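**Student:** Following this message is one structure expressed as structure tokens.
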Amino acid sequence: MLKVEELHVYYDAIHALKGLSFTVAQGEMVTLLGANGAGKSTTLKTISALLKPRSGRIELEGQSLEGLEPHEIVRLGVAHVPEGRRIFPRLSVIENLRTGAYSRRGSTIGNDLDRVFTLFPRLKERMRQSAGTLSGGEQQMLAIGRGLMARPRLLLLDEPSMGLAPILVEQIFATIQEINREGVTILLVEQNAAMALAICHRGYVLETGAIILEGKADELTGNDLVRQAYLGG
Amino acid sequence: MDFSAGIFLQVLMDGVVLGFMYALIALGYTMVYGVLEFINFAHSEIFVIGAFVGAEILLGLESSGALATLHPAFVILVLLFAGMAVSGLAAMGLERVAYRPLRGAPRLVPLISAIGASFFLQDFVRLVESLWRNTFYLTYPTLDILEKNLSLGMGVEVPLKSFLVIATALAMLLGLYLFVNKTKLGTAIRAVAQDPDAAALMGIPVDRIISLTFFVGGAMGGAAGVLFGLHYSLINPYSGFGPGLKAFTAAVLGGIGNIPGAVLGGLVLGLMEALAASYLGILTDGAFGAEYKDVFAFAVLILILIFRPKGLLGEKVREEGA
């Protein structure tokens, strides 16, 4: 579904991604692991065209994404739930969700609202509240729900567990798994490697802008390097 | 000392008219600041363009003799719509040519570009009018009905044109409120103002929304230009400087980036100016006359900003991603 080849991205003089290549198959749930600054978020931002690569190719179902603007990539079925949630604090919860469906028209938007409210009943209770007044966990639910409103076929999730209490993390990850079971392909960036490897099929380990390791989730969980660096021994 | 209620009412009326005029112009500053965090200093020229479009249509109608036969309400509507359309498009073009190529440059750069654009537009209007009419000082032909006085009691007579300004401004503010708060495009404008990158990730075409914001803000300024011409009659290419500066002040006073704040700021500034013009001389026994009205208005502005640096209704315009 997604194929990234030899991606090079720079922030001015800083070489952030150094020839990154990986793939995500249809229906798969794949995680990118790595320390702060390894280039995980940069990778997602480049896929959704917030950043332009210096060189390399990104293909979605065989179609090159080169030269497309972020809003055009959303239209192709890629939703990106950014790091730090980035909800619109002074829009209401329902307005936030509707912005997620911005590029769609028609009557099915109501069904998707229902679906999001089924996944996250808390959001329904707080529908008219401005999003800035939600708790951190609720904001993360809103960010994911807003991403789903685009009806994505590929969902990019950046650190959905960040700053959340462990019980909430479990809940969010269970929901992510459910979304994947409904047929949405997922690329998950996480610092919480244990959680990510527990739900994903495959993973890639990034270090300073390059992939140093890849494999099935259980292989990575058993790998000494991964255990030491990301799973706390 | 004369503090008669009648005169006071008259002064309030003047202040409200001026205030709504400032409010309409201030919306352009504040909406653009909302999405780009930058002051479009050429907005006063967008306002002037609206005033000139109105004048040209009225003068054209007058010289063709049609002005006498058309219904004045129809004429006023045509002027407003034409002024709004031309000013809105001019503001969009301005953004495209003078600001968009500088997106991402240091903040001072588009500001300088705005000041340059302001000079350019002033002299462009002057050039066009000089070639076309041999003068760039225009007088709005009088629409008789607007000069009729309406009695408010207590000996207060207010010309209909004052009510026209107030009614038009109220209608436009209501329209803008509904547009910004109740429509998909309006919500997109607010989303871009709060977090442009997140808005792009939602599939919102950010550049187009910025263009739209310039159009809407420009249209409000254009309508204000037409109302200014109908109310005060005399215009020239440099007429935008005073009202533009005041309206910018009003936007800051209300809290830059905040739409209701711009309206409140405009009204507060207009009222203070009118009150100062009438009462400063009386209150200070002639030491400060009406010519100190701007000093007074800006002194109050400074005081308010000392205690509320973000303006009356101000809040942080853009949240960090957190």
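**Student:** What is the Cα radius of gyration of the stretch A:84-151 over 2.2 N^0.38 Å, N being its residue count? Write down the numbers at each step before the final one.
**Tutor:** Numbers: Rg = 10.6 Å, N = 68, 2.2 N^0.38 = 10.9 Å.
Output field value: 0.97.
**Student:** Show which aspartates and glutamates lie in cross-link reach of residue B:161 when reach means a straight Cα distance below 17 angstrom and same-chain residues fewer than eight apart are skipped.
**Tutor:** B:14, B:144, B:147
**Student:** Another question, then. Once you've got the GNM for chain A with C-alpha springs shorter than 10 Å, pick whichever of A:19, A:137, A:110 has the biggest mean-square fluctuation.
**Tutor:** Among A:19, A:137, A:110, the largest mean-square fluctuation in the Gaussian network model of chain A belongs to A:110.
**Student:** Please express the shape of chain B as an equivalent ellipsoid: the semi-axes are the square roots of 5 times the eigenvalues of the C-alpha gyration tensor, given largest first in whole angstrom.
**Tutor:** In descending order the semi-axes read 32, 26, 19 Å.
**Student:** Here's a follow-up. Around residue A:30, what is the net charge, scoring Lys/Arg as +1 and Asp/Glu as -1 over all other residues with Cβ under 10 Å from its Cβ?
**Tutor:** Overall, the nearby charge balance is -1.
**Student:** Return the whole-Å distance between the Cα centroid of the stretch B:178-209 and the Cα centroid of the stretch B:24-43.
**Tutor:** 16
**Student:** Spelling out what I want: for every residue of the stretch B:150-161, take phi, set θ = phi - 60°, compute 6.51 cos²θ - 1.76 cosθ + 1.60 (Karplus), and round to whole Hz; glycine and proline get x.
**Tutor:** Values per residue, Gly and Pro as x: 10, 8, 9, x, 6, x, 8, 10, 10, x, 4, 4 Hz.
**Student:** Shifting gears a bit: Just going by the charge dipole of the protein assembly as shown, with Lys and Arg at +1 and Asp and Glu at -1 on Cβ, which of B:61, A:55, A:171 is farthest out on the positive end?
**Tutor:** In the protein assembly as shown, that residue is A:171.
**Student:** Kirkwood hydrodynamic radius (Cα pairs, Å) of the stretch B:162-209?
**Tutor:** Result for the stretch B:162-209 stands at 11.9 Å.
**Student:** For residue A:92, which sequence-distant residues (separation of 5 or more, or a different chain) have an amide H within less than 5 Å of its own amide H, given hydrogens modelled in the peptide plane?
**Tutor:** Correct list: A:131.
**Student:** Using a Gaussian network model of chain B whose springs link C-alpha atoms within less than 10 Å, name the residue from B:75, B:86, B:109 with the highest mean-square fluctuation.
**Tutor:** So, out of B:75, B:86, B:109, the one fluctuating most is B:109.
**Student:** Moving to a separate point now. Which of B:103, B:190, B:308 moves most in a GNM of chain B, Cα contacts under 10 Å?
**Tutor:** Top of the fluctuation ranking is B:103.
**Student:** Here's a follow-up. Determine by what factor the alpha-carbon radius of gyration of the stretch B:238-304 differs from 2.2 N^0.38 Å, reporting the quotient.
**Tutor:** Normalised Rg, Cα atoms only: 1.16.
**Student:** Could you compute how fast the protein assembly as shown diffuses translationally, taking Rh as the Kirkwood radius over C-alpha pairs and applying Stokes-Einstein at 37 °C with viscosity 0.692 mPa s? Give it in µm² per second.
**Tutor:** Using the Kirkwood radius from Cα pairs, D works out to 124 µm²/s.
Computed from the coordinates by the stated procedures, all read-outs in this text should not be read as laboratory data. Quantities reported herein were computed from a predicted structural model and do not represent experimental measurements. A quick note on method: Cβ atoms are made from the backbone with ideal geometry, for glycine too, and the neighbour counts reach across all protein chains shown.
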